[in-house]
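The values are calculated or read from the model by the stated rules, or taken from the named source; none is laboratory data. Note that the structure is a prediction, hence the values are computed from the model and not measured. Here the Cβ positions follow ideal geometry from the backbone for every residue, glycine too, while neighbour counts run over all protein chains shown. These accessible areas exclude ligands, DNA and RNA; they are computed on the full protein's heavy atoms, side chains included. Shrake-Rupley method; radii C 1.70, N 1.55, O 1.52, S 1.80 Å.
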Amino acid sequence: MTLAMNDDLEALKTSTDAALAGAADLRAWDAVRITVLGRNGSLTGMLRDLGKTPPEQRKDRGAALNRLKDALTSAIETRKTQLEDAVLDARLLSERIDPTLPPRPRETGLIHPIARTMEEIAAIFGAMGCTVVDGPDVESDWFNFGALNIPAHHPARADHDTFYLPPRDGSAPPVLRTHTSPGQIRTMLAQEPPIRVIVTGRTYRADHDATHSPMFHQCEGLVIDRNLTLGHLKGCLIDFLRTFFAISDLPVRFRASYFPFTEPSMEVDIGWNRRTGELGRGGDWLEILGSGMVHARVLANCGIDPREWQGFAWGMGVERITMLKHGMADLRPFYESDLRWLRHYGFNPLSPTMLHEGV
Ligand code: DAH
């Protein structure tokens, strides 16, 4: 009797299960849900009709309807989860990427040769333990000259073709830094030794022709430690030059010279062929940078005791070594933003060639 009374409930469960199984997507699933549980749905109708059931059967019928409602609700929810999972699986499959594939970037920009050289310099000296420090383009006379042992009226000042700015308060006029060497002073004042830094950046001198620009770039190096010798300086610069120019037997010569801020001072030459312009064992020498042991007075100017600490330093022109490395004859195009030149000499930002070559 009870069973027969609830046959319609069994039938609804069976037909709903079949309809759910046949619902291939969420839209079909939603149609089934509305047919059963919606305002005019089959189950909703049965619940509404409970009142018409004879009172003695109502309790059992009500309980059976509630069980059916739970069962259908759960079956409907389960199917929904299945269909959502299937949608996600299909999407994951279609959007699958292989993270081991190399990137295929669309190239939009190239690295300027100056920036590239500065990156290479930083990478090579970085491997030797140097960090890169920065300094302002506008310097006081003291940082640019005085602290570096170039006092007023010193003949070395004449070599610098300095751009002077209007004086601020009766003191010596500030200058556009003529070299990156003031970075040495700033570093020694800011850091306790031992010190290993390079300073790269813009420098300015009133000079303009095929190999000089009023604005150019330098890279300075400074190492301060105990028991440093000329041998350390030489080893460090030979390694740098051979790595940078990627010529493992590049001849390197140290020639006695003079800078006010180093004692002794040396200019550094590399081998090349004057006729062809090719670097290496060409029999000729080309001056490439200045260097020396930091002058005791410069150390003392920065509060470092020269009896306890020694230092060596070097300075070079970024444009110059870039032109030599890449066979560029004229310096001026570096700053002219000519796209044809930039496309020819620019570097792909994602192709780290040079840093893996060398010695
Ligand atoms: N400041 C020098 C210049 O601009 C280059 C230089 C030479 C820097 C010797 C140094 C050094 O640190 O030791 O010509």
Meets criteria (in contact with a strand residue (DSSP E or B) (Cβ under 6 Å, 6 or more places away or on another chain), under 22 Å from Thr211 (Cβ atoms), of a type outside the set (S, T, N, Q) and not in a strand (DSSP E or B)) for Glu319: yes
Residue list for the stretch 20-44, filter: of a type in the set (S, T, N, Q) and open to solvent by 90 Å² or more (accessible area, probe 1.4 Å): Asn40
Among residues of the stretch 318-330, those that are within 16 Å of the ligand (Cβ to nearest atom) and within 20 Å of Leu110 (Cβ to Cβ), counted: 3
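Residue-wise test of (1) open to solvent by 60 Å² or more (accessible area, probe 1.4 Å); (2) closer than 30 Å to Ile198 by Cα; (3) modelled with pLDDT under 95; (4) not in a helix (DSSP H, G or I).
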{"position": "Ala64", "(1), (2), (3), (4)": "no, no, yes, no"}
{"position": "Ile97", "(1), (2), (3), (4)": "yes, no, yes, yes"}
{"position": "Pro103", "(1), (2), (3), (4)": "yes, no, yes, yes"}
{"position": "Thr108", "(1), (2), (3), (4)": "yes, no, yes, yes"}
{"position": "Thr117", "(1), (2), (3), (4)": "no, yes, no, no"}
In the stretch 147-202, the residues that are more than 13 Å from the ligand (Cβ to nearest atom) and of a type in the set (Ser, Thr, Tyr): Tyr164, Ser171
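Using the structure shown, decide if Ser213 is away from the ligand (no atom under 12 Å from the Cβ) and open to solvent by less than 30 Å² (accessible area, probe 1.4 Å). First the steps, then the outcome.
Numbers: away from the ligand (no atom under 12 Å from the Cβ): yes; open to solvent by less than 30 Å² (accessible area, probe 1.4 Å): yes.
The answer is yes for Ser213.
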Residue check for Leu47: among the hydrophobic types (A, V, I, L, M, F, W, C), open to solvent by less than 90 Å² (accessible area, probe 1.4 Å) and either at pLDDT below 95 or not in a helix (DSSP H, G or I) (or both): yes
Residue check, Ser248 open to solvent by 50 Å² or more (accessible area, probe 1.4 Å), at pLDDT below 95, among the small types (Gly, Ala, Ser) and assigned by TED's automatic domain parsing to the domain that holds Ile124: no
Conditions (1) open to solvent by 80 Å² or more (accessible area, probe 1.4 Å); (2) under 37 Å from the mean Cα position of the chain (by Cα); (3) farther than 21 Å from Ile198 by Cβ; number of the one not met by Arg168: (2)
The stretch 108-132 residues that are under 13 Å from Pro349 (Cβ atoms), paired with ones that are among the polar types (S, T, N, Q) and assigned to a loop (DSSP other than H, G, I, E, B) (beta carbon under 9 Å, 6 or more apart): Leu110/Asn348; Ile111/Asn348
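Table: residues versus (1) within 10 Å of the ligand (Cβ to nearest atom); (2) at pLDDT 95 or above; (3) small (Gly, Ala, Ser); (4) open to solvent by 30 Å² or more (accessible area, probe 1.4 Å).
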position: Ala256; (1), (2), (3), (4): no, yes, yes, yes
position: Arg274; (1), (2), (3), (4): no, no, no, yes
position: Ser291; (1), (2), (3), (4): yes, yes, yes, no
position: Trp309; (1), (2), (3), (4): no, yes, no, no
position: Phe312; (1), (2), (3), (4): yes, yes, no, no
position: Met316; (1), (2), (3), (4): yes, yes, no, no
Candidates Gly303, Gly358, filtered to the one that is among the small types (Gly, Ala, Ser), surrounded by fewer than 17 Cβ atoms within 10 Å (Cβ to Cβ), more than 14 Å from the ligand (Cβ to nearest atom) and modelled with pLDDT under 90: Gly358
